[in-house]
Amino acid sequence: AFSPDAPWQKEFEDNFPYPETDDQLRCIADIKHDMESPQPMDRLLCGDVGFGKTEVALRAVMKAVMDGKQVAILVPTTVLAQQHYQTAVSRFRGFPVNIDVLSRFRTPNQQKKTLANLRAGQVDLIIGTHKLLQKDISFKDLGLLIIDEEQRFGVQHKEVIKQIKKNVDVLTLSATPIPRTLHMAMIGIRDMSVLSSPPSDRHPVQTYVLEYNEAVCKNAIERELARGGQVYYLHNRVETIHKAAERVKALVPDARVGVAHGKMNETELDDVMMKVQDKEIDVLCCTTIIETGLDIPNVNTLIIENADRFGLSQLHQLRGRVGRSARHAYAYFTYRPDKALT
């Protein structure tokens, strides 16, 4: 069982720049109660995209680290690992918490050093992709495992997770719980907390399903740029993504268009994402690499080509990449004109 909150816990929580929703406060209380009880926690934190799951998780991290334990955050994509790493570094600034990241973006030497530091207990919080589940990973004293979007991991990964779960507290985060995860919570194998209230200034995303139409796309992009915002244009084929970017450029010649996909190397991808964050790119032509966790509040229009090829869970996650500020956001799910919808 973890000890009651340390004095630094309150200071860390007071540093949060936004007012917490009632749901967040209730979920945080549930999680702390579980952590302080003698049985290992196995809780599912369910909340829509952008409702503040990350902050709830980081408070659990702080509680574990203050008790001398190590924490691992397991995420499905490299871009999300990077984003969580930046968020954690920013939130824990000024506190004695050593944070590191493990993903394909790190060189073999950097990875080797991180693994050695983990074993020696010099890393308090490790954020990583499935690389965290490799055989050569060992912790000095792991106390809390946080899994983001568990349904995105394969069967083999889940078997490894099961082994780790036996003697550590586990918090699973999900914006789109698959029925099995939900069912386990409902029948009491897992405890469940739900974030159902959005942050106070949040508006629902205006969503349109329509045939692909260049005039509509051009109008949507121009309207977003006119109010100083940015656009995600999703084309999910790496082979033809540069042609799609050229099409967008032809539609809106004044727009600065960038490209992002999973086959780019670390430096290229990092460079593009930094340019989007710094507002040096107006339209990011991308694959589903943006699907989970990406948080850039100035991007408030999303256009998806061939949306009928995606599952509902994916579309839900993708739509959650916009509308993360006080502005109204728009999502256009388009399908080919010759495609009959049933």
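Just want the answer: with Cβ charges of +1 for Lys and Arg and -1 for Asp and Glu, which residue in THR107, ALA6, VAL170 is farthest toward the dipole's positive end in the chain?
The one lying farthest along the dipole's positive direction is THR107.
How much of GLU222 can a 1.4 Å solvent probe reach, expressed as accessible area in Å² and rounded to 10?
80 Å²
Hey, if we sort GLU149, GLU11, GLU246 by accessible area with the 1.4 Å probe, largest down, what's the order?
Sorted by accessible area, descending: GLU246, GLU11, GLU149.
Say we join alpha carbon atoms closer than 10 Å with springs in a Gaussian network model of the chain; which of VAL101, VAL65, VAL155 then has the biggest fluctuation?
Its mean-square fluctuation being the largest, the pick is VAL155.
When the solvent-accessible surface of protein heavy atoms is calculated with a 1.4 angstrom probe, in what order do PHE310, PHE12 fall, highest first?
Heavy-atom accessible area, descending, gives PHE310, PHE12.
Can you give the Kirkwood hydrodynamic radius of segment 95-154 from its Cα pairs, in Å with one decimal?
For segment 95-154, the Kirkwood estimate is 12.3 Å.
Counting other Cβ atoms within 10 Å, which trypsin sites (Lys or Arg not before Pro) in segment 199-251 have at most 15 and lie in a DSSP loop?
ARG227, ARG237
Rounded to the nearest 500, what is the chain's calculated 222 nm mean residue ellipticity when only DSSP H runs of at least 4 contribute -39500 (n - 2.57) each, over all residues? Don't jump to the answer; show the numbers that get you there.
Working: 11 runs with 126 residues, N = 342.
Only helices count here, giving -11500 deg cm²/dmol.
Can you pull out the trypsin sites (Lys or Arg not before Pro) in segment 26-107 whose DSSP state is coil and whose Cβ has at most 16 other Cβ atoms within 10 Å? Before the final figure, lay out the partial values.
On the way: sites: ARG26, LYS32, ARG43, LYS53, ARG59, LYS63, LYS69, ARG91, ARG93, ARG104, ARG106; in loops: LYS69, ARG93, ARG104, ARG106.
Qualifying residues, ordered by number: ARG93, ARG104.
Using Cα Rg over 2.2 N^0.38 Å as the read-out, say which of (i) 1.25; (ii) 1.10; (iii) 1.02 was calculated from these coordinates.
This structure yields the entry labelled (iii).
Averaged over all directions, how much area does the convex hull of the C-alpha atoms of segment 1-160 cover when projected, in nm²?
9.4 nm²
Can you give the Kirkwood hydrodynamic radius of segment 1-92 from its Cα pairs, in Å with one decimal?
Final number for the Kirkwood radius of segment 1-92 is 14.1 Å.
On a 30 Å Cα-Cα criterion, which of the cross-link pairs LYS218/LYS263; LYS162/LYS275; LYS140/LYS279; LYS32/LYS279 come out too long? Intermediate values should be presented prior to the final figure.
Details: LYS218/LYS263 28 Å; LYS162/LYS275 39 Å; LYS140/LYS279 41 Å; LYS32/LYS279 38 Å.
Cα-Cα > 30 Å for LYS162/LYS275; LYS140/LYS279; LYS32/LYS279; rest within.
In straight Cα distance, which lysines are under 17 Å from LYS158, not counting same-chain residues fewer than 8 positions off?
Cα-Cα hits under 17 Å: LYS131, LYS135, LYS166.
DSSP loop trypsin sites (Lys or Arg not before Pro) in segment 113-146 with at most 14 other Cβ atoms within 10 Å of their Cβ, which ones?
Answer by residue number: LYS135, LYS140.
The values are calculated or read from the model by the stated rules, or taken from the named source; none is laboratory data. Note that the structure is predicted; figures quoted are calculated from it, not measured. Cβ: placed from backbone, ideal geometry, glycine included. Neighbour counts: every protein chain shown. These accessible areas exclude ligands, DNA and RNA; they are computed on the full protein's heavy atoms, side chains included. Shrake-Rupley method; radii C 1.70, N 1.55, O 1.52, S 1.80 Å.
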